[in-house]
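Computed from the coordinates by the stated procedures, all read-outs in this text should not be read as laboratory data. Given the structure is predicted, the values throughout are model-derived calculations rather than measurements. Every residue, glycine as well, gets a Cβ built from its backbone with ideal geometry; the counts of neighbours run over all protein chains shown.
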Amino acid sequence: MARLTEIPIRVGDTLPSVAQRVLGDGLRWRELVALNDLKPPFLVASLNPVDRLPHTVLWGDWLKVPAYAVNASVVTGDEALGQDVRLDQGRLATVDGDLGLVSGGSNFSQALRHRVTTPYASFLPHPTYGCEIHTILGLGNQATVMLMAAGFVRRALLRDPRSADITVGARATGDTLAVDVQAQAVGEERVTDFNVLFQLPVL
């Protein structure tokens, strides 16, 4: 059996962010679940022991990880932003008959865009994935709706453990709501810019 060690869980950590930090891949968070005999919701976002549930950990607790992971080199730059299949207008892209891939800053941007365009809680394995903006799209283009839209998008994008700073603006022209995003990843100086358009009925 592999040697294990323990690391502290930082305030703000999620299991994917810990897996990214110590294993180099946020998608390997299930390995941490198995090593620590965790059950849903796995990690409770609190420092208060009263909030603890059976077979979960809190911020400030210690988590078992493979000993080799702590001594592994730190992953930074494009490698830390991960790699995924490339989507072109919501469809899987292919290159020479194989799936196209996107990595680094382009993957970060694609992941954020996908999170905004997915209705909140519609992906059952990850009930906090997606964006609440879809709940207000039928309310017209009033100033209040613009503020709510920007807030919902910012909150959704900050749930991505790679996000360090997110700036969002929303504006309406006719029946189109444009959401402009400036996103900065953890440990990165560059800023990723993109916008997402939604149809918004005029009241």
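Observations, loosely collected:
- Residue-averaged [θ]222 nm for the chain, counting only DSSP H segments that reach four residues, each worth -39500 (n - 2.57): -7500 deg cm²/dmol
- Rounded FRET efficiency, nearest 0.05, which uses the C-beta distance separating Ala164 from Arg30 and R0 of 25 Å: 0.50
- Relative contact order computed over the chain (Cα-Cα under 8 Å; 6+ residues apart), in percent: 14 percent
- P(r) of the chain over all Cα-Cα pairs, binned every 5 Å from zero, in whole percent: 1, 7, 13, 16, 16, 16, 13, 9, 5, 2, 1, 0, 0
- For the chain, the longest principal axis of the alpha carbon atoms and the long axis of helix 143-158 meet at an angle near 20°.
- Packing, taken as the mean count of other beta carbons within 10 Å per residue, orders the peptides 91-99, 38-46 from highest to lowest as 38-46, 91-99.
- Listing Thr176, Thr144 from fewest to most neighbouring C-beta atoms within 10 Å gives Thr144, Thr176.
- Ordering of 178-191, 48-61 by burial proxy (mean other Cβ atoms within 10 Å per residue, highest first): 178-191, 48-61
- Eigen-decomposition of the gyration tensor built on the alpha-carbon atoms of the range 105-199 gives equivalent ellipsoid semi-axes of 22, 16, 10 angstrom, largest listed first.
- Amide H contacts for Leu4 (H built 1.01 Å from N in the peptide plane; partners 5 or more residues away or on another chain; cut-off under 5 Å): Ala67.
- Inter-centroid distance (Cα atoms) of the range 1-62 relative to the range 89-140, Å: 25 Å
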